[in-house]
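All remarks here apply to the structure that follows.
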Amino acid sequence: MFDLEPGWSLEPIGGTTGGAFMGVYAHEKFFLKRNASPFLAALSVEGITPKLIWTKRMATGDILTAQDWVNGQTLSRTQMNSAMVAKLLAKVHNSVLLRRMLRKVGGRPQTPKQLVDHYLVNLAPELRQHPLVQATIAALHHLPPVATDLRVCHGDLNHKNWLLSDSQQLYLVDWDQASLGDIAFDLSVVLINYVPRGEWPQWLAAYGCELTDDLLARITWYGELHLLHEINQQLGQQRYTEMNQALRQLQQLMK
(Lines give C-alpha, C1' and ligand atoms only; values in the text may rest on other atoms or scores of the structure.)
Protein backbone atom coordinates (compact mmCIF):
# COMPACT_ATOMS: atom_id res chain seq x y z
CA MET A 1 0.00 0.00 0.00
CA PHE A 2 2.77 2.42 0.99
CA ASP A 3 6.38 2.42 -0.07
CA LEU A 4 7.69 1.66 3.42
CA GLU A 5 10.74 -0.34 4.33
CA PRO A 6 10.25 -3.98 5.37
CA GLY A 7 9.14 -4.55 8.93
CA TRP A 8 6.13 -2.23 9.02
CA SER A 9 2.65 -3.56 9.79
CA LEU A 10 -0.39 -1.35 9.17
CA GLU A 11 -3.92 -1.53 10.51
CA PRO A 12 -6.67 0.84 9.28
CA ILE A 13 -8.36 2.85 12.02
CA GLY A 14 -11.57 4.86 12.15
CA GLY A 15 -12.21 7.82 9.90
CA THR A 16 -14.31 8.81 6.92
CA THR A 17 -11.39 9.26 4.53
CA GLY A 18 -9.87 5.81 4.99
CA GLY A 19 -6.43 7.39 5.20
CA ALA A 20 -5.52 6.76 8.86
CA PHE A 21 -3.59 3.76 10.17
CA MET A 22 -1.90 2.38 13.23
CA GLY A 23 1.62 1.53 12.13
CA VAL A 24 3.94 -0.75 14.08
CA TYR A 25 7.67 -0.83 13.46
CA ALA A 26 10.34 -2.34 15.74
CA HIS A 27 7.66 -2.88 18.40
CA GLU A 28 6.76 0.83 18.44
CA LYS A 29 3.34 2.20 17.51
CA PHE A 30 2.80 5.23 15.28
CA PHE A 31 -0.21 7.10 13.95
CA LEU A 32 0.09 7.22 10.16
CA LYS A 33 -2.07 9.40 7.96
CA ARG A 34 -2.23 9.90 4.24
CA ASN A 35 -2.38 13.53 3.04
CA ALA A 36 -2.76 15.07 6.48
CA SER A 37 -3.19 18.83 6.87
CA PRO A 38 -0.05 20.45 5.43
CA PHE A 39 0.57 22.56 8.52
CA LEU A 40 0.72 19.54 10.82
CA ALA A 41 4.33 20.43 11.66
CA ALA A 42 3.26 23.75 13.20
CA LEU A 43 0.50 22.04 15.19
CA SER A 44 3.06 19.56 16.49
CA VAL A 45 5.50 22.32 17.48
CA GLU A 46 2.72 24.07 19.44
CA GLY A 47 1.85 20.81 21.24
CA ILE A 48 -1.70 20.90 19.88
CA THR A 49 -1.38 17.54 18.10
CA PRO A 50 0.80 14.54 19.00
CA LYS A 51 4.45 14.92 18.00
CA LEU A 52 5.22 14.68 14.28
CA ILE A 53 7.98 12.11 13.67
CA TRP A 54 8.44 12.22 9.89
CA THR A 55 6.82 13.14 6.60
CA LYS A 56 7.40 11.18 3.36
CA ARG A 57 6.23 11.50 -0.22
CA MET A 58 5.07 8.13 -1.55
CA ALA A 59 5.58 6.83 -5.09
CA THR A 60 1.83 7.48 -5.66
CA GLY A 61 2.37 11.18 -4.92
CA ASP A 62 0.55 10.92 -1.59
CA ILE A 63 2.14 12.44 1.50
CA LEU A 64 2.39 10.11 4.49
CA THR A 65 2.96 11.45 7.99
CA ALA A 66 3.89 9.57 11.15
CA GLN A 67 3.08 10.87 14.63
CA ASP A 68 3.58 9.55 18.12
CA TRP A 69 0.91 7.02 19.04
CA VAL A 70 -0.99 8.37 22.04
CA ASN A 71 -2.82 6.02 24.37
CA GLY A 72 -5.92 7.70 25.69
CA GLN A 73 -9.55 8.40 24.92
CA THR A 74 -11.67 10.91 23.07
CA LEU A 75 -13.55 13.39 25.21
CA SER A 76 -17.11 12.76 26.31
CA ARG A 77 -19.78 15.34 25.66
CA THR A 78 -19.64 16.29 29.37
CA GLN A 79 -15.86 16.80 29.29
CA MET A 80 -16.24 19.39 26.53
CA ASN A 81 -17.65 21.75 29.17
CA SER A 82 -14.28 22.12 30.86
CA ALA A 83 -11.49 24.63 31.29
CA MET A 84 -8.96 22.36 29.57
CA VAL A 85 -10.96 22.49 26.33
CA ALA A 86 -11.40 26.26 26.59
CA LYS A 87 -7.67 26.81 27.20
CA LEU A 88 -6.49 24.58 24.33
CA LEU A 89 -8.90 26.25 21.90
CA ALA A 90 -7.64 29.65 23.06
CA LYS A 91 -4.09 28.45 22.38
CA VAL A 92 -5.12 27.56 18.82
CA HIS A 93 -6.89 30.87 18.20
CA ASN A 94 -4.06 32.96 19.69
CA SER A 95 -1.16 31.21 17.96
CA VAL A 96 0.76 33.52 15.65
CA LEU A 97 2.75 30.54 14.34
CA LEU A 98 -0.39 28.70 13.24
CA ARG A 99 -1.75 31.78 11.48
CA ARG A 100 1.52 32.32 9.65
CA MET A 101 1.89 28.67 8.64
CA LEU A 102 -1.73 28.26 7.49
CA ARG A 103 -1.35 31.30 5.24
CA LYS A 104 1.95 29.88 3.96
CA VAL A 105 0.32 26.60 2.89
CA GLY A 106 -2.55 28.36 1.15
CA GLY A 107 -5.16 28.69 3.89
CA ARG A 108 -7.78 31.21 2.84
CA PRO A 109 -10.15 33.37 4.85
CA GLN A 110 -13.77 32.27 5.16
CA THR A 111 -16.14 35.23 5.12
CA PRO A 112 -19.72 35.01 6.39
CA LYS A 113 -21.00 35.58 2.83
CA GLN A 114 -18.90 32.70 1.47
CA LEU A 115 -20.13 30.38 4.21
CA VAL A 116 -23.80 31.23 3.68
CA ASP A 117 -23.55 30.80 -0.07
CA HIS A 118 -21.77 27.46 0.32
CA TYR A 119 -24.19 26.03 2.88
CA LEU A 120 -27.40 27.25 1.27
CA VAL A 121 -26.62 26.06 -2.25
CA ASN A 122 -26.58 22.47 -0.95
CA LEU A 123 -29.71 22.78 1.21
CA ALA A 124 -32.30 20.07 0.51
CA PRO A 125 -35.45 21.42 -1.21
CA GLU A 126 -37.75 19.82 1.38
CA LEU A 127 -35.96 21.68 4.18
CA ARG A 128 -36.57 25.00 2.45
CA GLN A 129 -40.31 24.52 3.09
CA HIS A 130 -39.84 24.21 6.85
CA PRO A 131 -40.94 27.44 8.64
CA LEU A 132 -38.06 27.35 11.12
CA VAL A 133 -35.55 26.83 8.33
CA GLN A 134 -37.10 29.69 6.35
CA ALA A 135 -36.76 31.97 9.40
CA THR A 136 -33.15 30.85 9.85
CA ILE A 137 -32.28 31.57 6.23
CA ALA A 138 -33.76 35.05 6.58
CA ALA A 139 -31.72 35.65 9.75
CA LEU A 140 -28.52 34.41 8.11
CA HIS A 141 -28.85 36.98 5.34
CA HIS A 142 -28.18 39.64 8.01
CA LEU A 143 -24.44 39.05 7.88
CA PRO A 144 -22.17 39.80 10.83
CA PRO A 145 -19.17 42.06 10.20
CA VAL A 146 -16.22 40.40 8.50
CA ALA A 147 -13.61 39.77 11.19
CA THR A 148 -10.54 41.95 10.77
CA ASP A 149 -8.48 39.83 13.16
CA LEU A 150 -8.59 36.45 11.43
CA ARG A 151 -7.56 33.43 13.48
CA VAL A 152 -6.95 29.77 12.70
CA CYS A 153 -10.26 27.92 13.10
CA HIS A 154 -10.38 24.14 13.38
CA GLY A 155 -13.76 23.81 11.67
CA ASP A 156 -14.89 20.47 13.16
CA LEU A 157 -14.86 20.63 16.96
CA ASN A 158 -16.85 17.45 17.53
CA HIS A 159 -15.97 15.90 20.89
CA LYS A 160 -14.47 12.91 19.05
CA ASN A 161 -11.67 15.13 17.69
CA TRP A 162 -10.34 15.86 21.19
CA LEU A 163 -7.89 13.26 22.51
CA LEU A 164 -7.01 13.06 26.22
CA SER A 165 -3.89 10.95 26.76
CA ASP A 166 -3.39 8.58 29.68
CA SER A 167 -0.99 11.20 31.07
CA GLN A 168 -3.81 13.82 30.90
CA GLN A 169 -2.37 15.74 27.94
CA LEU A 170 -5.13 17.12 25.73
CA TYR A 171 -4.77 17.19 21.94
CA LEU A 172 -6.97 18.47 19.13
CA VAL A 173 -6.78 16.31 15.99
CA ASP A 174 -8.24 16.06 12.46
CA TRP A 175 -7.34 19.42 10.94
CA ASP A 176 -8.60 18.78 7.41
CA GLN A 177 -11.19 21.59 7.62
CA ALA A 178 -8.92 24.28 9.08
CA SER A 179 -9.41 27.82 7.80
CA LEU A 180 -8.81 31.45 8.71
CA GLY A 181 -11.86 33.14 10.15
CA ASP A 182 -13.81 34.52 13.07
CA ILE A 183 -13.23 32.76 16.41
CA ALA A 184 -17.03 32.68 16.80
CA PHE A 185 -17.09 30.08 14.01
CA ASP A 186 -15.38 27.59 16.37
CA LEU A 187 -16.81 28.87 19.64
CA SER A 188 -20.40 28.43 18.47
CA VAL A 189 -19.93 24.68 17.93
CA VAL A 190 -18.58 24.04 21.42
CA LEU A 191 -20.96 26.34 23.27
CA ILE A 192 -24.17 25.36 21.51
CA ASN A 193 -23.54 21.61 21.53
CA TYR A 194 -21.82 21.07 24.86
CA VAL A 195 -22.21 24.00 27.28
CA PRO A 196 -25.52 25.00 28.93
CA ARG A 197 -26.45 28.57 28.01
CA GLY A 198 -26.14 29.82 31.58
CA GLU A 199 -22.53 28.60 31.75
CA TRP A 200 -21.26 30.34 28.59
CA PRO A 201 -19.71 33.29 30.52
CA GLN A 202 -17.82 30.91 32.81
CA TRP A 203 -16.53 28.79 29.90
CA LEU A 204 -15.47 31.88 27.96
CA ALA A 205 -13.69 33.24 31.04
CA ALA A 206 -11.54 30.08 31.01
CA TYR A 207 -11.01 30.68 27.28
CA GLY A 208 -9.92 34.23 28.05
CA CYS A 209 -12.67 36.58 26.93
CA GLU A 210 -15.99 38.07 27.98
CA LEU A 211 -19.39 37.31 26.50
CA THR A 212 -20.05 40.74 25.04
CA ASP A 213 -23.20 41.56 23.08
CA ASP A 214 -21.14 41.59 19.89
CA LEU A 215 -19.59 38.15 20.55
CA LEU A 216 -22.99 36.71 21.51
CA ALA A 217 -24.50 37.96 18.24
CA ARG A 218 -21.67 36.38 16.23
CA ILE A 219 -21.84 33.09 18.13
CA THR A 220 -25.60 33.00 17.52
CA TRP A 221 -25.18 33.69 13.80
CA TYR A 222 -22.50 31.04 13.28
CA GLY A 223 -24.46 28.65 15.49
CA GLU A 224 -27.52 29.00 13.28
CA LEU A 225 -25.33 28.33 10.26
CA HIS A 226 -23.73 25.23 11.81
CA LEU A 227 -27.07 23.80 12.95
CA LEU A 228 -28.65 24.34 9.53
CA HIS A 229 -25.72 22.51 7.93
CA GLU A 230 -26.03 19.71 10.48
CA ILE A 231 -29.77 19.34 9.88
CA ASN A 232 -29.18 19.13 6.15
CA GLN A 233 -26.51 16.44 6.58
CA GLN A 234 -28.66 14.39 8.95
CA LEU A 235 -31.60 14.51 6.55
CA GLY A 236 -29.37 13.21 3.78
CA GLN A 237 -28.17 10.38 6.03
CA GLN A 238 -31.75 9.61 7.17
CA ARG A 239 -30.75 10.23 10.80
CA TYR A 240 -34.11 11.67 11.74
CA THR A 241 -33.73 11.51 15.54
CA GLU A 242 -30.53 13.59 15.40
CA MET A 243 -32.10 15.90 12.83
CA ASN A 244 -35.07 16.64 15.09
CA GLN A 245 -32.73 17.26 18.03
CA ALA A 246 -30.79 19.79 15.95
CA LEU A 247 -34.05 21.44 14.92
CA ARG A 248 -34.94 21.84 18.61
CA GLN A 249 -31.50 23.36 19.26
CA LEU A 250 -32.05 25.75 16.38
CA GLN A 251 -35.45 26.75 17.71
CA GLN A 252 -33.90 27.53 21.13
CA LEU A 253 -31.14 29.57 19.52
CA MET A 254 -33.59 31.57 17.39
CA LYS A 255 -35.59 32.74 20.42
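List of remarks:
- Relative to the longest principal axis of the Cα atoms of the chain, the long axis of helix 112-121 lies at roughly 90 degrees.
- Taking all protein chains into account, the per residue accessible area for region 109-255 stands at 50 Å² (1.4 Å probe).
- Among the GluC sites (Glu not before Pro) in region 175-255, those located in a DSSP loop and surrounded by at most 16 other Cβ atoms within 10 Å of their own Cβ are GLU210.
- Net charge dipole size for the chain [Lys, Arg +1 and Asp, Glu -1 on Cβ; Debye, nearest 20]: 280
- For region 34-58, the residues whose backbone nitrogen is under 15 Å from a point 7 Å from the Cα of TYR25, taken along Cα to Cβ, are 34, 52-58.
- Considering only GLY23, GLY155, GLY236, the mean-square fluctuation computed in a Gaussian network model of the chain, springs between alpha carbons under 10 angstrom, is largest for GLY236.
- Across region 37-42, coupling constants 3J(HN,Hα) worked out from phi with the 6.51/-1.76/1.60 Karplus curve, θ = phi - 60°, read 3, x, 9, 4, 4, 5 Hz, and Gly and Pro carry x.
- Adding -39500 (n - 2.57) for every DSSP H run of four residues or longer, then dividing by how many residues the chain holds, sets the calculated 222 nm ellipticity at -13000 deg cm²/dmol.
- With R₀ fixed at 22 Å, the C-beta to C-beta distance from GLU11 to ALA59 puts the FRET efficiency at about 0.55.
- Taken about its Cα centre, region 48-184 carries a charge dipole of roughly 440 debye when the Cβ of each Lys and Arg holds +1 and the Cβ of each Asp and Glu holds -1.
- The chain, relative contact order in percent, only Cα pairs under 8 angstrom and at least six apart counted: 18
- Dipole axis of region 1-90 (+1 Lys, Arg; -1 Asp, Glu on Cβ), positive-most option in ILE63, PHE31, VAL85: VAL85
- Cα-based helix-to-principal-axis angle, 131-140 vs the chain, degrees rounded to 10: 80
- Placing unit charges on the Cβ atoms of the charged side chains and taking the dipole of the chain about its Cα centre, the candidate lying farthest along the positive direction among LEU4, ALA138, ALA246 is ALA138.
The values are calculated or read from the model by the stated rules, or taken from the named source; none is laboratory data. Computed from a prediction, not measured in an experiment: that's the story for all the values here. Ideal geometry is used to build each Cβ from the backbone, glycine not excepted, and the neighbour counts take in all protein chains shown. To get the accessible areas, we keep the full protein, side chains included, count just its heavy atoms, and leave off ligands, DNA and RNA. Shrake-Rupley method; radii C 1.70, N 1.55, O 1.52, S 1.80 Å.
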